[in-house]
1. What's the angle, to the nearest 10 degrees (0 to 90), between helix 29-40's Cα axis and the longest principal axis of the chain?
2. Grab the DSSP H runs of the chain that are 4 residues or longer, score each as -39,500 (n - 2.57), total them, divide by all residues and round the 222 nm result to the nearest 500 deg cm²/dmol.
3. With +1 on each Lys and Arg Cβ and -1 on each Asp and Glu Cβ, and nothing else charged, work out how big the dipole of segment 17-74 is about its Cα centre, in Debye to the nearest 20.
4. No partner Cβ under 4.7 angstrom, meaning no disulfide-compatible partner by this rule: which Cys of the chain qualify?
5. Hey, if you drop one equal point scatterer on each alpha-carbon of the chain and run the Debye formula without solvent, what base-10 log of I(q)/I(0) do you get at q = 0.14, 0.16, 0.20, 0.24 Å⁻¹?
6. Under 8 Å for C-alpha pairs, at least 6 residues apart: give me the relative contact order for segment 19-82, rounded to a whole percent.
Amino acid sequence: MSFAEALTGAAKKPGGKCGAGQGLATFTGKDHAALVDALAGCGPGHAVSYSQLARALKTEGIITTSYGIGRHVDGSCSCGPR
Ligand SMILES: [Zn+2]
């Protein structure tokens, strides 16, 4: 996807999903289960840090940051209330 297409797509979808939400929407099977588990048990005090999870998502082509993961876990990301 080109930058222009990405920009148009973003404009068409206000409040689109954040990186974690994109992963949840696109992953299937054990990848989806692993992401659900990781989101439930990541961050301060857990074995997996937000930045580790963000790096793992990048290997799947989903660009996000530790800050973005933290916002998803807090429920304050662009995925909206859950
Ligand atoms: Zn989110």
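Taken together, the values in this text are just the output of simple stated rules run on the coordinates, not laboratory data. Treat the numbers as computed from the prediction; the structure is a model and nothing was measured. Cβ placement follows ideal geometry from the backbone for every residue including glycine, while neighbour counts extend to all protein chains displayed.
1. Orientation of helix 29-40: about 70 degrees from the principal axis.
2. Numbers: 5 runs with 49 residues, N = 82.
Per the formula, -17500 deg cm²/dmol.
3. On the way: 5 positive and 4 negative charges, 24 e Å.
Dipole magnitude for segment 17-74 comes out near 120 debye.
4. Cys42, Cys79
5. Log-scaled intensity ratios, in q order: -0.46, -0.60, -0.91, -1.22.
6. 32
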